[in-house]
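Report on one structure; see the data block that follows.
Every read-out reported here was derived from the displayed coordinates using simple, explicitly stated rules and does not represent laboratory data. Everything quoted here is computed from the prediction, not taken from an experiment. With ideal geometry, Cβ positions are generated from the backbone for all residues, glycine too; neighbour counts draw on all protein chains shown.
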Amino acid sequence: MSEATDADLPSAIGAMFDSMWATLAPIGRSPSSGGYRRFAWTSVDAELREWFVAVATDRGLDVQSDRNGNVWAWWLPPGHHGEPAGAFVTGSHLDSVPEGGAFDGPLGVVSAFCAVDLLRSKGIVPTKPVAVVAFADEEGARFGVACVGSRLVTGVLDPDRARGLMDVDGISLAEAMTRAGVDPTNLGRDDEVLRRVGTFVELHIEQGRALVDVDAAVGVATGIWPHGRWRFSFTGKPDHAGTTRLVDRRDPVLTFATVTLAARQHAEKAAALATFGRVLVSPNATNGIASQVDAWLDARAPAQGILDEMVGDITAAATRQARLDGAELDVACESLTPLVVFDEATRTQLRAALADEAVPELPTGAGHDAGILAAERSTGMIFVRNPTGVSHAPDEFAERADCLRGVAALARVMASWMER
């Protein structure tokens, strides 16, 4: 695929992309690591929402927030009256994982606004409603459950459970929303919002190297692996690190360490993925034996049966090791997303709109709001090449030329949908 240049798009579109990216980039960025800490319902999250509203307002778009905290910007046909329905919706999210990269989520939002700009620059007037959306708390970095905004809208996440989710400081989601000036009492499935959505196409940086390997700037997603999060709680006996004999210890850190190795072994056996990436140790004293370890397993596999078997094997290994170490074990599934196969009709439309490109199709192990909405509406995804192959870390990157190629692809899809 040939390299994109500013000549492939009106220069004003590249300038708009640069301007939006420049104003968004400093929000929530760590000056030491260069990574981002953009967590839901914080002061940084409020800045991100203000940015979204300002960008939409500058374009004369109608901004709305739904009762689950998602923000929408509407580009409506001339003379449109009443609530929009059956719209073409695009966008992504603005939050991040701890020390995350700049592109995961925000690239989809910036590209969505740029796609609207591009069609407007060509004199295109919408014949059907179009919306840019920023879903709330997609990463689940603060409260532990991913895709909270889209899960609530679709009814996948129980509103009472959502309100009771706690962060590491003991602040509930309900309390955090209230502090942010948002009423949490009306959380839950929103059929009015769902009626507004006809098709959702999410543009996202690729979280891997598949596009690099085939030298393609953009790709189309076929589906999302089933995946979930499980909390493993290992409970032992606190004691003195300098006086307690090894034979007398009930050390939950030892149990956790052994289970971490077991998770890697079972993932390799299943040709799947298993990661303990978040760990809390209590009381976390240098000269003390821990009383408890809470560790979160992130597990993903190409099929549900493979995922179930792998998690079952890891749980069985944890149970055996806890028994040997004199520790207690509790395992709880905190979220589970089944296999997603993106709507074939939408994928056909994406392929048709991008027919002049050599666009590969590929699955992903990463979860997305598009995957949650897939059970309710036709959805699809466009990936933009990531030359580093790194995601959820500061080295995550996309070349400006590839980003603009993504904008052009999204605009073509948007225009094609309006012409249907």
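Partner aspartates and glutamates whose Cα lies under 15 Å from the Cα of residue 269, excluding those fewer than 8 positions away in the same chain, are identified as 308, 309, 313.
Computed over all pairs of different Cα atoms, the Kirkwood value for the hydrodynamic radius of the chain is 22.6 Å. Looking at the chain alone, DSSP beta bridges between its own residues are antiparallel in about 70 percent of cases.
Name the residue, out of 185, 243, 222, whose mean-square fluctuation peaks in a Gaussian network model built on the chain with Cα pairs under 10 Å. It is 243. Spin-label model, residue 420/residue 64: points 7 Å from Cα along the beta carbon direction are separated by 2.0 nm. The trypsin sites (Lys or Arg not before Pro) of region 238-330 that meet both conditions, a loop assignment by DSSP and at most 10 other Cβ atoms within 10 Å of the site Cβ, are 245. The helix-only estimate of mean residue ellipticity at 222 nm for the chain, built from DSSP H runs of length n ≥ 4 each weighted as -39500 (n - 2.57), is -11000 deg cm²/dmol after division by the residue total. Normalising the average separation of contacting C-alpha pairs (under 8 angstrom, six or more residues apart) by the number of residues puts the relative contact order of the chain at 22 percent.
Cβ crowding within 10 Å ranks 172, 92 as 172, 92, fewest other Cβ atoms first. Against the chain, whose longest principal axis comes from its Cα atoms, helix 400-419 is set at around 60 degrees.
In plain terms, the chain from residue 179 to residue 166 could stretch by 3.3 nm, reckoned as 0.36 nm per residue minus the Cα-Cα distance.
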